[in-house]
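Some notes on the structure that comes next.
Just so it is clear, none of the values below were taken in a lab; they were calculated from the coordinates. On a predicted model such as this, the values are computed, not experimentally measured, just so you know. Glycine gets a Cβ as well: all are built from the backbone with ideal geometry, and neighbour counts include every protein chain shown.
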Amino acid sequence: MRGIFKNTRFTGILNKVLTYIFLTFLSIVIIYPLLITASSAFRVGNVAAFTLDFSGQWTLDHFKRLFEETLYLNWYGNTLVIALSVMVFQVTIVTLAGYTYSRYRFAGRKKSLIFFLIIQMVPTMAALTAFYVLAMLIGALDQYWFLTAIYIGGGIPMNTWLMKGYFDTVPREIDEAARIDGAGHLRIFASVVLPLVKPMLAVQALWAFMGPFGDYLLAKFLLRSPESLTIAVGLQTFISNPQQQKVALFAAGAILAALPICILFFFLQKNFVSGLTSGGTKG
Amino acid sequence: MNKDQTLAKRSRKAALLSIIPGAGQIANRQFSKGILFLVITGLFICELAVFGYQALIGLATLGTVPGEDHSLFLLIEGTLQLILTLVFLMFYIFNLYDARKTAAMKAAGLKISETAGDMIRNAGDKGFPYLFTLPAYLMMVFVIIFPVLVTLFIAFTNYDFYHIPPNSLIDWVGFKNFMNIFFLGSYRQTFADVLGWTIIWTICATTLQIVLGIVTALVVNQNFIKGKRMFRIIFLLPWAVPAFITIMSFANIFNDSAGAMNVQVIPLLNQLPFVDIPAVAWKTDPFWTKTALIMIQTWLGFPYIYVMVTGVLQAIPGELYEAAKIDGATFIQRFKHITLPMILFATAPVMITQYTFNFNNFSIIYLFNEGGPGSVGAGAGSTDILISWIYKLTTGTSPQYSVAAAVTLLISFIVIGVSLIAFKKSNAFGNEEVM
């Protein structure tokens, strides 16, 4: 599109002015809160007001306190362990299933694909009460395997569909050729087709990692003791008590959690927008 | 004609015989397969006799002796047994189908594998897809189907803080929980309030984020803009930073006494002529808490829509606009008849999932103000949506598991219904060959 209004000179200029005002305003609205959090982590003393203020002195003290006086490193470790295990298991399971549905025609294929589709609509929430009750009953509160299993299982149906969609875009002639050359099932899968879907694997891995990393609901439900929390649930303990808010510590912790994710996000952004649109909306 | 008849007869005979699993296969001279099927059936019957029958009875009664029978374990064992039985039934149907198909293949003169060696080789080849999808199924059965069934059952019991096994028994109460939610004074009022706000929240927050996303995409997509890359990166930031971090930041920013909104933004606005806004009770007045929540979700959610819509806009061929222009279409007409339909067509399913996402958006409600301020009865705060109410019902000091399960089921029905529409629209099966 050229411009929003008809192309007379006056409306052209008006359009430009309005456009830049809109863009600037939106940018400020986005950056302002992020900058408040970022700057609060470096301000000297106990931050009283959570505002944008560059007048005081700068310090790295809050980070030091974060490591020494709080369980933050514990939480960070917990989160990484959970998110990485989910990533490994989920990507493996989803890749195997997606490949199978894309490449093999077997009895029950169509029915089970529809089964995936229906299961996919059942929100994880539908089992919340059961998760909690089961965890209490078998003593799995605070147990990572339990939480990890739920994350893995919950992501399987939808991601299998997306993965299958992506495998469908790899021409079947490639594996036909390999088969004629005498490659077996595993060979064709592992060394012929798999390398061709690497971009989608990266996307799946990122999703599988980000899900548990950013999840608050299940972690809040199933993790109880202070040292077993994830970052999301742990950081909240800094600000949930209005009497003794540790805003500066929260800000420092927030930066350390957000930075790696942001970098990963922008690094893989192109991949995953296309992964969304090619697999997601077209099936 | 005659051949067709014998063919039909044979496959009917095989199917009939395999009422006892394996017998049909043996009639087809597939001895090893037949014996395997017989053994599986035998094992299942043994399991049923030793353990399963009791488990199913337990599921029906939920225990009879208080203090001795643990109703919850009985419910869970019974559910597992139910799943096992269903799996066996599926195997049984497969057995009928297999015997018939093999008989038909034999009658048609096709080679079938009869010996054990043949069968194993065949299974290695044909069984490959099943082997590869097995982990996915196991996970789905244990992590989705089993817990969902348990929740479903709990919703029809009286499991709450008065009935905590093993000290007391849980009983089946039919639709009582649902009736209570809809008709019993205390629950009905809370449910109506919470549902009302959940719907308002979902519609306002999601629609606003969609509108802002589309508008931003349209504005940024104009050719003359300088620094497009910079704006793109800025507009993606709310998506890139993990949501729980920004929500907690906003929880601080909207703090009544120390947050930036009251301490910095409003005083700054008051510098303008004719503007005089008093400090706003963001966290203590339900109306303002709700307003803040909707604004924050718009902030968080619009980049996703913006990225999607930008992709669509760039794919619309320029000639379409040229042609429309030549025909004398104004900007508004072009937008209404070309741009908007294109956007909606390509992104409708994604947008519907945005609505279902916000419907269950526990993080923002709970992280911003823990569902507060105040209370609308039965443990729910004034900004609690259904999902956060369930959390409070389940983990509160006097847990109401059965009511929580019932509300969970109601939510799931709504979400599944909406997703069905989304999937129908997206035509997920449309591009699937051989479906």
| query | Tell me, what is the FRET efficiency for B:SER375 and B:ALA315 to the nearest 0.05, using R0 = 60 angstrom and their Cβ-Cβ distance as r? | reply | 0.75
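Under the rule of -39500 (n - 2.57) per DSSP H run of 4 or more residues, summed and divided by the residues of the protein assembly as shown, what mean residue ellipticity at 222 nm is obtained, to the nearest 500 deg cm²/dmol?
Details: 31 runs with 489 residues, N = 718.
Mean residue ellipticity at 222 nm (helix-derived): -22500 deg cm²/dmol.
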| field | Hz values of 3J(HN,Hα) by residue in region B:330-338 - Karplus curve (6.51, -1.76, 1.60), Gly and Pro given as x | value | 6, 4, 4, 4, 4, 4, 5, 9, 10
| Spatial separation of Cα centroids for region B:280-342 and region A:140-160, in angstrom | 35
| said: What does the structure give for A:164-170 when I average, per residue, the other chain Cβ atoms found within 10 Å of the residue Cβ? | reply: 1
| query | By Kyte-Doolittle mean hydropathy of at least 0.0 and Cα axial length of at least 27 Å, which whole DSSP H helices of chain B are selected? | reply | B:71-107, B:185-220, B:286-315, B:401-426
| query | In peptide A:30-40, what is the residue-averaged number of other protein chain Cβ atoms found within 10 Å of each Cβ? | reply | 5
| task | Please work out the FRET efficiency for the pair B:VAL275 and B:GLU322, using the Cβ-Cβ distance as r and a Förster radius of 41 Å; give the result to the nearest 0.05. | result | 0.35
| message | So if each residue of separation counts as 0.36 nm, and I subtract the Cα-Cα distance between B:TYR130 and B:MET230, what length gain in nm does that give? | response | 31.1 nm
| said: Compute a Gaussian network model of chain B, connecting alpha carbons closer than 10 Å, and tell me which residue from B:PHE368, B:PHE302, B:PHE73 fluctuates the most. | reply: B:PHE73
| field | Per-peptide average of other Cβ atoms within 10 Å, ordering B:260-266, B:56-62, A:155-161 highest first | value | A:155-161, B:260-266, B:56-62
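Using only the Cα atoms of chain B, build the gyration tensor, take square roots of its eigenvalues as a ≥ b ≥ c, and label the shape rounded, prolate or oblate: rounded if a/c is under 1.5, else prolate if a/b is larger than b/c, else oblate. Spell out each step's value before the answer.
Working: a/c = 3.22, a/b = 1.47, b/c = 2.19.
Oblate, because a/c is 1.5 or more while a/b does not exceed b/c.
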| said: Filter B:LYS336/B:LYS424; B:LYS33/B:LYS106; B:LYS9/B:LYS106; B:LYS101/B:LYS126; A:LYS64/A:LYS220 down to the pairs with a C-alpha to C-alpha distance above 18 Å, please. | reply: B:LYS336/B:LYS424; A:LYS64/A:LYS220
| task | Take chain B, connect every pair of alpha-carbon atoms lying under 10 Å apart with a spring to form a Gaussian network, then pick out the residue of B:GLN222, B:GLN25, B:GLN400 with the largest mean-square fluctuation. | result | B:GLN222
| note | Yeah, the protein assembly as shown with a ≥ b ≥ c from its alpha-carbon gyration tensor (a/c under 1.5 is rounded, else prolate when a/b outruns b/c, oblate otherwise) is oblate
| remark: For A:LEU117, A:LEU66, A:LEU80, ascending order of other Cβ atoms within 10 Å (fewest first) is A:LEU80, A:LEU117, A:LEU66
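Can you give the average number of partner chain beta-carbon atoms within 10 Å of each beta-carbon in peptide B:55-66, as a whole number? Each step should come with its number before you reach the end.
Values: counts 0, 0, 0, 0, 0, 0, 0, 0, 0, 0, 0, 0.
So the per-residue partner count for this stretch is 0.
Kindly identify chain A as rounded, prolate or oblate by the Cα gyration tensor criterion: order the square roots of the eigenvalues as a ≥ b ≥ c, call it rounded if a/c is under 1.5, otherwise compare a/b with b/c, prolate if a/b is larger, else oblate.
Values: a/c = 2.32, a/b = 1.28, b/c = 1.81.
Judged from the Cα gyration tensor, chain A comes out oblate (a/c at least 1.5, b/c at or above a/b).
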| request: Would you mind putting A:103-112, B:268-277 in packing order, based on average other-beta-carbon counts within 10 Å, highest first? | output: A:103-112, B:268-277
| note | TM-like helix rule applied to chain A (DSSP H, alpha carbon span at least 18 Å on the long axis, mean Kyte-Doolittle at least 0.5) gives A:9-40, A:72-103, A:109-121, A:198-214, A:247-275
| A:TYR20 paired with A:TRP58, simple spin-label distance in nm, labels 7 Å along Cα-to-beta-carbon | 3.0
